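To keep things clear, I will list the structure first and then write my remarks on it.
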Amino acid sequence: MAYRLLVVPGDNEDLRALPGQLANDIEVRILDSANDALWEVRNSPPEVIVADVELPGMSGLDLAEILPNFGVPTRVVLWSRSHNKKAAEQATSHGVYTFLNGPVSANDLHSALYQALGHAMAPPPEPPAPPEPPARRADAQPASSLADRPRREPRTPPPAPSEPAARRASGTPRPRGGSIVITADNLKPIRSRMEALSQDVGSQCILLANRAGMVLAEVGITAGLPTMILLPLLSTSFSTAGQISQILREDDSTALYMHEGLRYDLYCFDILQSFMLVIVFDKSGVATAKIGSVWVYAKRAIRDMQDMLS
């Protein structure tokens, strides 16, 4: 069975030279950008991605931050050729499997990759055999009857947990939307954040809607878009995503719907399982933003808006 390794080297010639240096059962593919790696993960997830931290456009850290949203077991190995403490801390928070900090030898690089590949494909350990019951001694006395045993005083029950703790223990998801309200006070900063996001990604328009498909805020040009029909349909899709989050007991999960067409590209993000952020790109005569940059900028904006709405 061949293992798949995606390499995003940037200008790192040591990474670019990896094909031919690894075992024959490892399929190595060189990609030009982190965005290309995300598209490859979406179509056929590899066992491991190794990337330089410094990449044109989307960095290796951005790639590592976005990858968990795809729900794949792909492991990430990042390499910063100069010592970078801050990048190492960010890599840890993003769940990077191995972070190579500073100059490393070819042997150390290969060792890190083989370890990541081996961990990804290693079979689960067999459970230990149950211990054998101890042999009964010949002179052992028979167990005492229940009547002969001393009575135990009833234990004082522990105090009832607080409401949040009880909800966590029972697995009941937190209420959705009950305490999250769009007001005149938070609508203005939300719209300003949407305008900044639109400038970052170059979208035609961005809409914020509730789970019923009603538009709460919009920026950009929405003329000609069938929003009255489109948004309720998207809401139906996110209702299913919300049920999945409840089953998995994920209180703060984020779902994404993507549409790629000849005329429009559309990205729809879930916010706090109560709102939808819809980003629309008109592809006629304009180069649209790539999936990686949309992920990076949208996730940052969503975090900001979650703080405004919570």
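The values are calculated or read from the model by the stated rules, or taken from the named source; none is laboratory data. Being a predicted model, the structure only gives us computed values, none of them experimental. Because the Cβ atoms are built from the backbone with ideal geometry, glycine has one as well, and the counts that use them run over all protein chains shown.
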>> I need the full set of residues from the range 271-306 which are in a loop (DSSP other than H, G, I, E, B) and out of contact with any Lys or Arg (no Cβ under 7 Å at 6 or more places or on another chain), in order please.
In response: Leu272, Gly285, Val286, Ala287, Thr288, Ala289, Lys290
> Among the candidates Val8, Val77, Val48, which residue alone is at pLDDT 95 or above, within 20 Å of Ile291 (Cβ to Cβ) and surrounded by 23 or more Cβ atoms within 10 Å (Cβ to Cβ)?
Replying inline: Val8
> What residue, among those in the range 225-270 that are assigned to a loop (DSSP other than H, G, I, E, B) and modelled with pLDDT of 80 or more, is nearest to the chain's Cα centre (by Cα)?
Replying inline: Gly261
>> If the requirement is being under 24 Å from the mean Cα position of the chain (by Cα) and of a type in the set (Val, Ile, Thr), which of these qualifies: Val201, Val219, Val215?
In response: Val201
> Could you give every pair whose Cβ atoms fall below 6 Å, whose first residue belongs to the range 197-209 and is in a loop (DSSP other than H, G, I, E, B), and whose second residue is at pLDDT 90 or above and among the small types (Gly, Ala, Ser), counting only separations of at least 6 or pairs across chains?
Replying inline: Gln204/Gly220
> Restricting the search to the range 24-39, which residues are in contact with a helix residue (DSSP H, G or I) (Cβ under 8 Å, 6 or more places away or on another chain) and aliphatic (A, V, I, L, M)?
Replying inline: Ile26, Ile30, Leu31, Ala34, Ala37, Leu38
> Is it the case that the range 85-99 has a residue that's of a type outside the set (Val, Ile, Thr), out of contact with any helix residue (DSSP H, G or I) (no Cβ under 7 Å at 6 or more places or on another chain) and assigned to a loop (DSSP other than H, G, I, E, B)?
Replying inline: no
